[in-house]
1. Sorting Asp86, Asp68 by accessible area (1.4 Å probe), largest first, what list results?
2. How much solvent-accessible surface does Arg145 expose, in Å² to the nearest 10, with a 1.4 Å probe and all protein chains in place?
3. Could you work out how much longer the chain between Phe20 and Trp87 gets when fully extended? Use 0.36 nm per residue separation minus the Cα distance between them, nm to one decimal.
4. Which lysines have a Cα less than 16 Å from the Cα of Lys24, not counting those fewer than 8 places away in the same chain?
5. Solvent-accessible area of Phe229, probe 1.4 Å, all protein chains present, reported in Å² to the nearest ten, please.
6. Using the crude model of +1 on Lys and Arg Cβ and -1 on Asp and Glu Cβ, and no other charge, please compute the dipole size for the stretch 118-174 relative to its Cα centre, in debye to 20.
7. Report the gain in length on full extension from Ile6 to Asp38: 0.36 nm times residue separation, minus Cα-Cα distance, nm rounded to one decimal.
8. Amide H of Thr166 versus every other amide H placed in the peptide plane: which residues, excluding those fewer than 5 positions away on the same chain, fall under 5 Å?
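The values are calculated or read from the model by the stated rules, or taken from the named source; none is laboratory data. The structure displayed is predicted, hence computed values, not measured ones. All Cβ positions, glycine included, derive from the backbone under ideal geometry; neighbour counts span all protein chains shown. All accessible areas refer to the heavy atoms of the entire protein, side chains included, with ligands and DNA or RNA removed. Shrake-Rupley method; radii C 1.70, N 1.55, O 1.52, S 1.80 Å.
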Amino acid sequence: MDKSTIIVSPVTKGPVKLLFNIPKEIIIDLYKSNVNIDVSYLFYSVETISLYECLDTGYRFFYPFEIDGDGPFYEKLELISWYYADWKWDYEIAKKFISLKTIVLDIGCGEGKFLNYLIKNKECFCTGLELNEKAQTIAVDNGIRVFREFVQDFCKENESQFDVVTFFQVLEHIADVHSFPPSALLTLKTPGKVILAVPNNDPYYLKYHRLDFLKLPPHHMGWWNKNPFHQ
């Protein structure tokens, strides 16, 4: 990393502090030993991965930003039986806040399990965004309208189109958390509703289990807590 580079918070663009560094070999070995996935190609240009904390919000993020997982990485994770659940606790809570026949966008919808529930049980008009080509294909084959597109691009042609926007366990996977929420909000009608879920990594993973491989890049790029959502 260029020592002249000034690292700023991807949430606020404000000041940060360095928490710790991890040699890339440790992360590569963790993925290899736990799930037999080779992630070395994603770290070819770096030697050390750093965890920083936003001083304004407490959001913790990994740097450099260009080491997040790509399509082939997530396709390999998808082969692990326990990785994709058919139903999540997030869905169970979120469904209570979605009315009949509303227009819903689910960002990072996977195979469309939640959207399928809304279509069948609440007669909702549903659209999904999913970058994993295999998961998107499964959703489309099941009759769900899903696009393989970034929300930052999708919002340009779909402003104020949806009553509800959901994204479950998505923000922790992306580095560009500055543009993601505003883009999602652009797709909302007024009034509209956003329902989201992220892992609460404060304080457990920082203090007690910082080398849980699925909490590290290329899988997770950020560790969230409640504070950034109250700013």
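1. Values: Asp86 105, Asp68 55 Å².
Largest to smallest exposure gives the sequence Asp86, Asp68.
2. Solvent-accessible area, nearest 10 Å²: 120 Å².
3. Values: separation 67, 0.36 × 67 = 24.12 nm, distance 3.50 nm.
Full-extension gain reported as 20.6 nm.
4. List returned: Lys32, Lys215.
5. 90 Å²
6. Values: 6 positive and 10 negative charges, 41 e Å.
Charge dipole, the stretch 118-174, about its Cα centre: 200 debye, nearest 20.
7. Numbers: separation 32, 0.36 × 32 = 11.52 nm, distance 3.05 nm.
Between Ile6 and Asp38, full extension yields an extra 8.5 nm.
8. Those qualifying (amide H under 5 Å, at least 5 residues apart or on another chain) are Leu105, Asp106, Ile107, Ile195.
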